[in-house]
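Notes for the one structure printed next.
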Amino acid sequence: ATIPALGLLPLGKTQSPESLLDIAARKVAEKWPFQRVDERFERIPEPVQRRIVYWSFPRSEREICMYSSFNTGAEDPATASGGAAG
């Protein structure tokens, strides 16, 4: 009598469930920038802050490249000169 769910795990590897702290921190980081969380709540325990910050950063190499090359337009001469006119 084998348990069908065990067939889903890779051989030689065990999975441990995600902690409630990590699940909650990941959900917060997906929805709100850390600055808003920090401004909104007076007391956030340091371990919670660390996990929210950890999950705020992109995970995949593709996302890291996309965010690291993000251009706000401030360096573009056409938008920089046009934005000052009022």
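The values are calculated or read from the model by the stated rules, or taken from the named source; none is laboratory data. In this text the structure is predicted, and so the values were computed from the model without any measurement. Cβ coordinates were reconstructed from backbone atoms using ideal geometry, including for glycine residues, and neighbour counts include every protein chain displayed. For the accessible areas, the whole protein counts, side chains as well, though only heavy atoms, and no ligand, DNA or RNA atoms are used. Shrake-Rupley method; radii C 1.70, N 1.55, O 1.52, S 1.80 Å.
Ordered from largest to smallest accessible area (heavy atoms of protein chains, 1.4 Å probe), the residues 57, 34 come out as 57, 34. Only one residue of 21, 55, 44 has its Cα farthest out toward the positive end of the dipole of the range 20-68, where Lys and Arg carry +1 and Asp and Glu -1 on Cβ, and that residue is 21. Carbon-plus-sulfur accessible fraction, the range 20-68 (probe radius 1.4 Å, protein heavy atoms only): 55%.
By the Stokes-Einstein formula, at 0.692 mPa s and 37 °C, the range 20-68 with its Kirkwood radius over alpha-carbon pairs has D equal to 289 µm²/s.
Couplings for the range 51-64, taken from phi via the Karplus curve 6.51 cos²θ - 1.76 cosθ + 1.60 with θ = phi - 60°, read 6, 5, 4, 4, 6, 6, 8, x, 9, 8, 4, 4, 5, 4 Hz in order; Gly and Pro are left as x. Note on residue 66 and residue 38: the extension gain reaches 7.5 nm, defined as 0.36 nm multiplied by sequence separation minus the Cα-Cα distance.
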